[in-house]
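The structure appears below as structure tokens.
The values are calculated or read from the model by the stated rules, or taken from the named source; none is laboratory data. Here the structure is a predicted model, which means the values were calculated and not measured. Ideal geometry is used to build each Cβ from the backbone, glycine not excepted, and the neighbour counts take in all protein chains shown. Surface accessibility is based on the protein's heavy atoms, side chains included, excluding ligands, DNA and RNA. Shrake-Rupley method; radii C 1.70, N 1.55, O 1.52, S 1.80 Å.
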Amino acid sequence: MPVSKTSEPLILLLATGTFLGLNFPLGKLAGAAGIQPAVWTLLISTGCALVIGAVLALKREAFPLTPPYLRFYAIGGTISYAIPNFLVYLTIPHLGSGYASIMFTLSPIITTILATALNARRPNLLGVIGILIGFVGAMLIVLGKGRVGDASSLWIGIGFLIPLSLAVGNVYRTLDWPPNARPLPLAVGTNLASSLVVSAALLLANGELGLTSLAEAPLLSVIQVAASAAMFAVFFRLQMAGGPVYLSQIGYVGAAVGLGSGTFFLGEHYDLLTWLGAVVIAVGVIVTTIAQRAPSTAPSSVGKS
């Protein structure tokens, strides 16, 4: 049964956010196994490029290499994936996986501000209300977490660079989306670019990629690549269907999924205020989904020539 146009953005949002939410507990387990943040970031980007690239080849879909695409791959891959992923896995040992996931919930607010300032696809009033509701839910999770005070201000400050980078990436991809571009080639190209950036950084810093450390957690590595590839398979479809602000709410969904997976699989415990925040986030997502069915105040050029 085909998915209706009105329900497609919500389905894509929930799917993308769910796979995103799995990154945080997986990253925590990788850190516990002694795998460096940059190496884990390289695994994700390279694995996604290879897996989705194989799907692209099987579908015999073109992989464009014209200047607009190459620019999009390089800039989008660096600011959207290489930088925030590295920061996530760098800060998890100092902030915890739950707090690192909460950083993603700040992205919708920053994305909305940037999208409005740069005349990208802006939400209507109901959409803004929904984003603010989700932000309130995120703050309840922060309060319920109750462990922010254990972290140094330096690592908290570094953590705030995560949503900033994500928001810049969300808006950039909308403004510079190649004409009539398809989602899968963009997923391959941006992840490949991210892989090259992280590889260069590792070689400059350590003289080697350090991939041998992945042998300490082979099953975990396979699960991470599978979850990330699944996320990127729908990520660009979500941006096409919903625009940068709606897409940014994967942070809300991811934080809620991170709470659930941390509770059921890692034995983490959260109080009632934290779970209340998850419910409020769900309400915010519902409100913005309803708002998404109305025209935005500035139409997006994504997917159009």
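Against the definition (touching an Asp or Glu at 6+ places or on another chain (Cβ under 8 Å), at pLDDT 65 or above and either among the hydroxyl-bearing types (Ser, Thr, Tyr) or not in a loop (DSSP other than H, G, I, E, B) (or both)), how does Gly254 come out, yes or no? Considered against the rule, which asks whether it is touching an Asp or Glu at 6+ places or on another chain (Cβ under 8 Å), at pLDDT 65 or above and either among the hydroxyl-bearing types (Ser, Thr, Tyr) or not in a loop (DSSP other than H, G, I, E, B) (or both), Gly254 comes out as no. The set of residues in the range 208-217 that are open to solvent by 50 Å² or more (accessible area, probe 1.4 Å) and either touching a Ser or Thr at 6+ places or on another chain (Cβ under 7 Å) or in a helix (DSSP H, G or I) (or both) comprises Leu209, Leu211, Thr212, Ala215, Glu216. Tallying residues that are closer than 13 Å to Ile158 by Cα and open to solvent by less than 50 Å² (accessible area, probe 1.4 Å) within the range 78-89 yields 5.
Conditions (1) of a type outside the set (Lys, Arg); (2) surrounded by 22 or more Cβ atoms within 10 Å (Cβ to Cβ); (3) farther than 15 Å from Thr41 by Cα, marked per residue:
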{"position": "Ala62", "(1), (2), (3)": "yes, no, yes"}
{"position": "Arg71", "(1), (2), (3)": "no, no, yes"}
{"position": "Gly76", "(1), (2), (3)": "yes, yes, yes"}
{"position": "Gly96", "(1), (2), (3)": "yes, no, yes"}
{"position": "Ile102", "(1), (2), (3)": "yes, yes, yes"}
{"position": "Leu106", "(1), (2), (3)": "yes, yes, yes"}
{"position": "Thr111", "(1), (2), (3)": "yes, yes, yes"}
{"position": "Ala115", "(1), (2), (3)": "yes, yes, yes"}
{"position": "Leu118", "(1), (2), (3)": "yes, no, yes"}
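Whether a residue is surrounded by fewer than 23 Cβ atoms within 10 Å (Cβ to Cβ), at pLDDT 90 or above, part of a helix (DSSP H, G or I) and of a type outside the set (Val, Ile, Thr) was assessed, and Ala229 passes this test. It is to be established whether one or more residues within the range 54-64 are within 17 Å of the chain's Cα centre (by Cα) and in contact (Cβ under 8 Å) with a residue 12 or more places away in the chain. The answer is no; no qualifying residue exists.
Within the range 17-34, the set of residues being closer than 16 Å to His94 by Cβ and surrounded by 20 or more Cβ atoms within 10 Å (Cβ to Cβ) comprises Phe24, Gly27, Lys28, Ala30. Considering only residues in the range 195-207 that are among the aliphatic types (A, V, I, L, M) and out of contact with any helix residue (DSSP H, G or I) (no Cβ under 7 Å at 6 or more places or on another chain), the one that is least open to solvent (accessible area, probe 1.4 Å) turns out to be Ala200. Pairing each residue of the range 170-187 that is more than 11 Å from Phe63 (Cα to Cα) with any residue that is open to solvent by less than 10 Å² (accessible area, probe 1.4 Å) and among the small types (Gly, Ala, Ser), provided the two are 6+ apart or on different chains, yields C-beta distances under 6 Å for Asn170/Ser248; Val171/Ala115; Val171/Ala120; Arg173/Gly76; Thr174/Ala120; Leu175/Ala120. Note on the range 160-194: among residues that are open to solvent by 10 Å² or more (accessible area, probe 1.4 Å) and small (Gly, Ala, Ser), the one that is modelled with the lowest pLDDT is Ser165. The set of residues from the range 111-124 being of a type outside the set (Ser, Thr, Tyr), modelled with pLDDT of 80 or more and closer than 20 Å to Thr289 by Cβ comprises just one member, Ala115. Of all residues in the range 209-234, those that are among the hydrophobic types (A, V, I, L, M, F, W, C) have Cβ atoms under 7 Å from Cβ atoms of residues that are surrounded by fewer than 19 Cβ atoms within 10 Å (Cβ to Cβ) and assigned to a loop (DSSP other than H, G, I, E, B), 6 or more apart or on another chain, in Ala217/Ala33; Leu220/Ala33.
The residues in the range 193-213 that are of a type in the set (Gly, Ala, Ser) and over 25 Å from Pro67 (Cβ atoms) can be counted, and the count is 4.
Here's the yes/no breakdown for (1) modelled with pLDDT of 80 or more; (2) in contact with a helix residue (DSSP H, G or I) (Cβ under 8 Å, 6 or more places away or on another chain); (3) open to solvent by less than 70 Å² (accessible area, probe 1.4 Å):
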site: Leu219; (1), (2), (3): yes, no, no
site: Val234; (1), (2), (3): yes, yes, yes
site: Arg237; (1), (2), (3): yes, yes, no
site: Val287; (1), (2), (3): yes, yes, yes
